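To keep things clear, I will list the structure first and then write my remarks on it.
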Number of protein chains: 4
Amino acid sequence: MIRVGIIGAGRIGQVHMRSILSGVPNAVIRAISDPMIEPDVEQFARNSGIKNIYSDYQDILDDPEIDAVLICSPTNTHARISVEAIQAGKHVFCEKPVDHEIAQIETVEKALKESGKRLKFQVGFNRRFDHNFRALRSAVQAGKIGDVQFVRVSSRDPQPPHASFIASSGGLFLDMMIHDLDMIRYLSGSEVTEVFAQGAVLIDPAIGEAGDVDTATVSARMKNGALALIDNSRQAVYGYDQRAEVFGSKGSVQNANDLPSTMVLSTVDGVTAERPLWFFLERYMSSYQAEIRSFIDCIEQDKEPEVGIEDGRMTIRIALACMRSLAENRPVRIEEIN
Amino acid sequence: MIRVGIIGAGRIGQVHMRSILSGVPNAVIRAISDPMIEPDVEQFARNSGIKNIYSDYQDILDDPEIDAVLICSPTNTHARISVEAIQAGKHVFCEKPVDHEIAQIETVEKALKESGKRLKFQVGFNRRFDHNFRALRSAVQAGKIGDVQFVRVSSRDPQPPHASFIASSGGLFLDMMIHDLDMIRYLSGSEVTEVFAQGAVLIDPAIGEAGDVDTATVSARMKNGALALIDNSRQAVYGYDQRAEVFGSKGSVQNANDLPSTMVLSTVDGVTAERPLWFFLERYMSSYQAEIRSFIDCIEQDKEPEVGIEDGRMTIRIALACMRSLAENRPVRIEEIN
Amino acid sequence: MIRVGIIGAGRIGQVHMRSILSGVPNAVIRAISDPMIEPDVEQFARNSGIKNIYSDYQDILDDPEIDAVLICSPTNTHARISVEAIQAGKHVFCEKPVDHEIAQIETVEKALKESGKRLKFQVGFNRRFDHNFRALRSAVQAGKIGDVQFVRVSSRDPQPPHASFIASSGGLFLDMMIHDLDMIRYLSGSEVTEVFAQGAVLIDPAIGEAGDVDTATVSARMKNGALALIDNSRQAVYGYDQRAEVFGSKGSVQNANDLPSTMVLSTVDGVTAERPLWFFLERYMSSYQAEIRSFIDCIEQDKEPEVGIEDGRMTIRIALACMRSLAENRPVRIEEIN
Amino acid sequence: MIRVGIIGAGRIGQVHMRSILSGVPNAVIRAISDPMIEPDVEQFARNSGIKNIYSDYQDILDDPEIDAVLICSPTNTHARISVEAIQAGKHVFCEKPVDHEIAQIETVEKALKESGKRLKFQVGFNRRFDHNFRALRSAVQAGKIGDVQFVRVSSRDPQPPHASFIASSGGLFLDMMIHDLDMIRYLSGSEVTEVFAQGAVLIDPAIGEAGDVDTATVSARMKNGALALIDNSRQAVYGYDQRAEVFGSKGSVQNANDLPSTMVLSTVDGVTAERPLWFFLERYMSSYQAEIRSFIDCIEQDKEPEVGIEDGRMTIRIALACMRSLAENRPVRIEEIN
């Protein structure tokens, strides 16, 4: 039984709390911490048998009975708390992104190396644990499409964030496309070497005024020779659009959106299926549980997590390369970003 | 907070236990009972904070702190325990079928009428709470297909039961097609008036020797004039096949199977999607939770359950009419069965 | 080069004329006949190099240069003209149905036997030559689904015929379902032994007043043990609905409707595909050409046509059995009909 | 009745010949020319009532009874013969590409301007007349997806050309992607302003040795602000893969491949649909007929053809910009190419 502390009881912290309670049999939540926990969350936690509810995450790090922490605090605290947790001897699951700056991510890597123990560190790229994307990866790894030659990811949010969110989030490439950048690595089984980005403000001028784009594409080259394309939009009015395709010498594998039901209605107006599930909480709920289950299993069985700190760092480098590409209107090699 | 006791900790009892623990926030399990509970189930129950674990269900009925019971014991005890539970003043969720004999079901109806209280009684036709079937029903009720003229249900198991199971289960019509018979009532919003059944032994001769069929069709007439067709097979080698269509004056609505993922693989061999989810526990898991959630809400809000004792009785009558039709090779009116 | 005469230049006669002109390279139309040919049809025929345009079909039968005739005249003349054509030594392609009465069909069979030559006789069950239905049959024959256990055909017209058409057409079973009755024989590779029909008037009361139904289902038993279900409606407002499924010991094969395009539109209103092609001329056009091409090839290569007079007779017997079943509300064995 | 001469009786010339014979009622083929016509093609032409079969196309241009010519000769003769035909007062349908060099295309534009008559000139971008792509365009033009923000085209051949074909064809961008470059203009209703191309040799090293790529992507910016992505592969082993998506402020519209049938086979190995139609002759056959029908209608009704010389020129400019982008690894503005 792995004893867990959750640092941060906001939206994603609550998701992980419920995931563990309902479907991670070999983990128990020993504590949660949040400087400003909401009353109903606190109530739910107490009803669910979570004994310790702290305002200061330090209490979690200080508890020798806690094996692992889930860092669900604001992004700009991820790296610092990760380092502290490692130094306190805890296994760490850190929400993505670890940080927007590579130097900060490297402090976490350093702490991991310096810790004498074999501590596990997993980054919250939950999409790797989603049934639809994992199925593609499994097919690729099983050789079903031969050598990978091309990867495509389409990722569209149902509604744009408020422009005020842009600054803290780091913008489209760091906040939204980062999942897709990780996905082309995951699906191709190879590293990105060069990117070319195009972007536009077509949905909300306020996003442009905040210095970001709301529509973007990226062309990438992979180390294994494959090409990749990504398209992002901040607003697909029909719902969260999450699709990918991997094409190779023996065939192609692609996925489609998850729907609330398989119902199809035929009338004089056409043959209509349901819209995709609305947004990431609906769409990826089971992947959040699966990633935590995998993290706990890695601790229990002393295995390497499927998404490590190097994935967190590499994905940030690619996102930063995309941003430079867009700013300078030229292809940018990943090795330029350090 | 509704306090629940679960009678029977076998497969379906465990399903309901986990459902309540993970996703029925306004219910708490106060006790479970089973004459021969398995050690790991007992362990899981204790870890999950279930205080009382009894061998005798009478202990549950005797507990004045328990508001509602879930009857998950063997079929031949359903009616008797239902009556006792009602007499003990408990709300009852009873697994389907309530009984194979109408007289027995009527004892439950009598007990309900005699109880001075407004006790809730719900039968475990979980499929009514499944997203794919409920979506059809909602579309029909919203008038999207106009007047219902035709209903079709295809229902096929991935593998046949052992022939030794036939006797206690009541055979294909009482055990398997009963869900589909309920479904044509649910989807059409009307009652069956006449059925004609055909059956064959095409899969396992031992099923025939046990006096049952493994392949069957039913043609039915509904009170509102609609026609209905059902096809059943005990063995669809590609997995659990669960589909329906409702056709009306303004269009048609149909559903398809749920799949493990939306992945599609294109190779020289064709364009291949995944097989349906294997069997009812994988396929209908979320409907089990939804039916319990609905039952608890009905108690809390003093509403009538969506599937009552009269649905349990009517469905058995139709199943018995099908069996007579098959035996006598003629259409049988439901009013013949009493 | 097979020299063809077309008897009857109405809708279906014109379809065959165009089919041969554009895509049957080893046939040439030498003459057409119609007592009241429309001027534009005559003009088109002349422009297309058809030399002889008669009002009397006898002129076609008298022409020794003509090898084969296509009988596209009204149904009640099919059998008589077939006999005359056979006696004149012509190969015959006869539109379906050959006749509504078995005795009449038997006069054609007799004529065929008495003709000393190996004359070809093909009945116009065009659906056997349709890509979607032929694909099912091929898969079944290739053993892909193992032993056939169940067949289902859904067939729905986009709009009902005028009630005045009912009498001459013979009604739903003889005019519309006859294709589906042939289809369950074709797809299962077996003969129907018993049927049970249900019918209703749910669309147009005038159809009921004319003594017919507009909605019908049939349950059938096949000689190989398989069961079959058919559903028919005279009005699917979303367009011509033509689907089938064959289920067996190793799997299932089904088809879907043909659409004008593969376009799918995603908006706030859902994810919408196009409606099926409107009616049989749009939907089955290529099958009309394929059946004539096959007929001509059979003459050229001295092979038996894929659909012979016995198929014409057997299908009528089944349709008549369905009508008796509906009238008497009981299952009817095909051998009762003679 | 428009009188047509076909210059070049190779593969595509024969396609147009058959199209006109079987489905362009207001056109008649008066002559074909080819310096080395194959005997069976000549035979077919004679049987089909084509009176004049020349070896020299000049005979066609000299015939005052001919209204329009279809130029189906080798690419490097397209521009020259177009000019001559215009000067001879003929309407011209010219196969794509008009030429690989813009200067050559401009000679045709000049000839068109100088001809006193309102001659029609149509370029053979047949895909604009394909049901699946035209449906997207119609939906976009009807405002169903609002303002276009993103366009994506995936286009993959089933098998690579022989490397010896690369030189004369102009390579992937001029020969294959040119259709997709036209398509993003057609679907977005806007012009390309800038492109960035990536390419790789992943299928056949001989293609690389011939100086071409066999896998390529293009990122483009459109004048209306939209972004576009194209992916091309010379070898999709599962068949010709032809898909597009247009995304906008009110939704998205996409198409899928055409299949030989709608059959789906479910077995223990999965749920398998058919592979796409094999290659362009199977897939786009009806679009070839539709484009000629449209061309003839434009002559008859004195309307502008849907694809003119300026489309031929613009598409070549974009293809050349892609080639420069790939060579120099930088985005290239279309205005750089003149």
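The values are calculated or read from the model by the stated rules, or taken from the named source; none is laboratory data. If you're wondering where the values come from, they're calculated on a predicted model, not measured in any experiment. Neighbour counts run over all protein chains shown; Cβ positions are idealised from the backbone, glycine included. Remember, those area values only see protein heavy atoms, side chains included, never the ligands or the DNA or RNA. Shrake-Rupley method; radii C 1.70, N 1.55, O 1.52, S 1.80 Å.
The number of residues in the stretch A:158-189 that are at pLDDT 95 or above and assigned to a helix (DSSP H, G or I) comes to 15. Taken over the stretch D:292-328, the criterion of being over 20 Å from the mean Cα position of the chain (by Cα) and open to solvent by 60 Å² or more (accessible area, probe 1.4 Å) is satisfied by D:Glu300, D:Gln301, D:Asp302, D:Lys303, D:Arg324, D:Ala327, D:Glu328. Counting only residues that are within 30 Å of B:Pro160 (Cβ to Cβ) and among the aliphatic types (A, V, I, L, M), the stretch B:265-308 holds 8 of them. Does at least one position in the stretch B:44-58 carry a residue that is in the same structural domain as B:Ser115 (by TED's automatic domain parsing), within 17 Å of B:Ala111 (Cα to Cα), of a type in the set (Val, Ile, Thr) and touching a residue at least 12 places away in the same chain (Cβ under 8 Å)? So far as the stretch B:44-58 goes, no, none of its residues is in the same structural domain as B:Ser115 (by TED's automatic domain parsing), within 17 Å of B:Ala111 (Cα to Cα), of a type in the set (Val, Ile, Thr) and touching a residue at least 12 places away in the same chain (Cβ under 8 Å). Filtered by the rule that a residue be open to solvent by 20 Å² or more (accessible area, probe 1.4 Å) and hydroxyl-bearing (Ser, Thr, Tyr), the stretch B:191-219 gives a lone residue, B:Thr193. Taken as a whole, the structure leaves B:Asp212 outside the set of residues that are of a type outside the set (Ser, Thr, Tyr), under 19 Å from B:Glu282 (Cα atoms) and in a loop (DSSP other than H, G, I, E, B). Of all residues in the stretch C:138-157, exactly one satisfies the criterion of being open to solvent by 20 Å² or more (accessible area, probe 1.4 Å), charged (D, E, K, R) and either at positive phi or more than 10 Å from chain D (Cβ to nearest Cβ) (or both), namely C:Asp147. Within the stretch B:288-326, the set of residues being in contact with a strand residue (DSSP E or B) (Cβ under 9 Å, 6 or more places away or on another chain) and free of Cβ contacts under 8 Å to residues at least 24 places away in the same chain comprises B:Arg324 only. If the condition is being among the small types (Gly, Ala, Ser) and open to solvent by 60 Å² or more (accessible area, probe 1.4 Å), then the stretch C:23-61 contributes only C:Ser55.
Only a single item in (1) assigned to a helix (DSSP H, G or I); (2) of a type in the set (A, V, I, L, M, F, W, C); (3) crowded, with 24+ Cβ neighbours inside 10 Å; (4) away from every other protein chain (no Cβ under 14 Å) is not met by C:Val98, and it is number (1). The set of residues in the stretch B:101-118 that are among the aliphatic types (A, V, I, L, M) and open to solvent by 20 Å² or more (accessible area, probe 1.4 Å) comprises B:Ala103, B:Leu112. Cβ-Cβ distances below 6 Å connect the following pairs, each with a first residue in the stretch D:209-238 that is more than 9 Å from every other protein chain (Cβ to nearest Cβ), a second residue that is modelled with pLDDT under 95 and assigned to a helix (DSSP H, G or I), and a separation of six or more residues or different chains: D:Ala210/D:Ala163; D:Ala210/D:Ile166; D:Asp212/D:Ile166. The number of residues in the stretch C:62-95 being open to solvent by 10 Å² or more (accessible area, probe 1.4 Å) and of a type in the set (A, V, I, L, M, F, W, C) comes to 3. Taking the stretch B:226-247 as the range and being within 20 Å of B:Ser138 (Cα to Cα) and open to solvent by 20 Å² or more (accessible area, probe 1.4 Å) as the test, only B:Arg243 passes.
Take B:Lys113 and tell me if it is more than 14 Å from chain A (Cβ to nearest Cβ), of a type in the set (Lys, Arg) and assigned to a helix (DSSP H, G or I). Yes: the conditions hold for B:Lys113.
When each of A:Ser115, A:Ser138 is tested for being among the hydroxyl-bearing types (Ser, Thr, Tyr) and at pLDDT 95 or above, the lone residue that passes is A:Ser138.
Residues in the stretch B:1-37 that are charged (D, E, K, R) and modelled with pLDDT of 95 or more: B:Arg3, B:Arg30, B:Asp34. Screening B:Ser188 against (1) surrounded by fewer than 23 Cβ atoms within 10 Å (Cβ to Cβ); (2) under 28 Å from A:Ser266 (Cα atoms); (3) small (Gly, Ala, Ser) leaves a single unmet condition, (1). Summed over the stretch B:275-287, residues that are in contact (Cβ under 8 Å) with a residue 60 or more places away in the chain, over 17 Å from B:Arg128 (Cβ atoms) and in contact with a helix residue (DSSP H, G or I) (Cβ under 6 Å, 6 or more places away or on another chain) total 0. Can you find a residue in the stretch B:37-44 that is over 25 Å from the mean Cα position of the chain (by Cα), over 10 Å from B:Gly5 (Cβ atoms) and among the acidic types (Asp, Glu)? Yes, some residue in the stretch B:37-44 is over 25 Å from the mean Cα position of the chain (by Cα), over 10 Å from B:Gly5 (Cβ atoms) and among the acidic types (Asp, Glu).
Scan the stretch B:190-208 residue by residue and report those that are more than 10 Å from every other protein chain (Cβ to nearest Cβ), assigned to a loop (DSSP other than H, G, I, E, B) and not small (Gly, Ala, Ser). Scanning the stretch B:190-208 gives B:Glu191, B:Asp204. Of the residues making up the stretch B:248-285, those that are within 25 Å of B:Glu194 (Cβ to Cβ), at the interface with chain A (Cβ under 9 Å from one of its Cβ atoms) and buried (at least 22 other Cβ atoms within 10 Å of the Cβ) are B:Ser252, B:Val253. When C:Arg243 is tested against (1) within 8 Å of another protein chain (Cβ to nearest Cβ); (2) part of a strand (DSSP E or B), just one condition goes unmet, and that condition is (1). For the condition touching a Pro at 6+ places or on another chain (Cβ under 7 Å) and not in a loop (DSSP other than H, G, I, E, B), B:Cys322 does not qualify. When the stretch C:1-22 is filtered for residues that are open to solvent by 70 Å² or more (accessible area, probe 1.4 Å) and in contact (Cβ under 8 Å) with a residue 60 or more places away in the chain, the ones remaining, listed by number, are C:Arg3, C:Arg11.
Only one entry of B:Val108, B:Val153 meets the criterion of being more than 22 Å from B:Val28 (Cβ to Cβ), touching a His at 6+ places or on another chain (Cβ under 9 Å), outside any loop (DSSP other than H, G, I, E, B) and assigned by TED's automatic domain parsing to the domain that holds B:Gln235, and that entry is B:Val153.
Here B:Phe133, B:Phe165, B:Phe121 are screened, and the one residue that is surrounded by fewer than 20 Cβ atoms within 10 Å (Cβ to Cβ) and of a type in the set (A, V, I, L, M, F, W, C) is B:Phe165.
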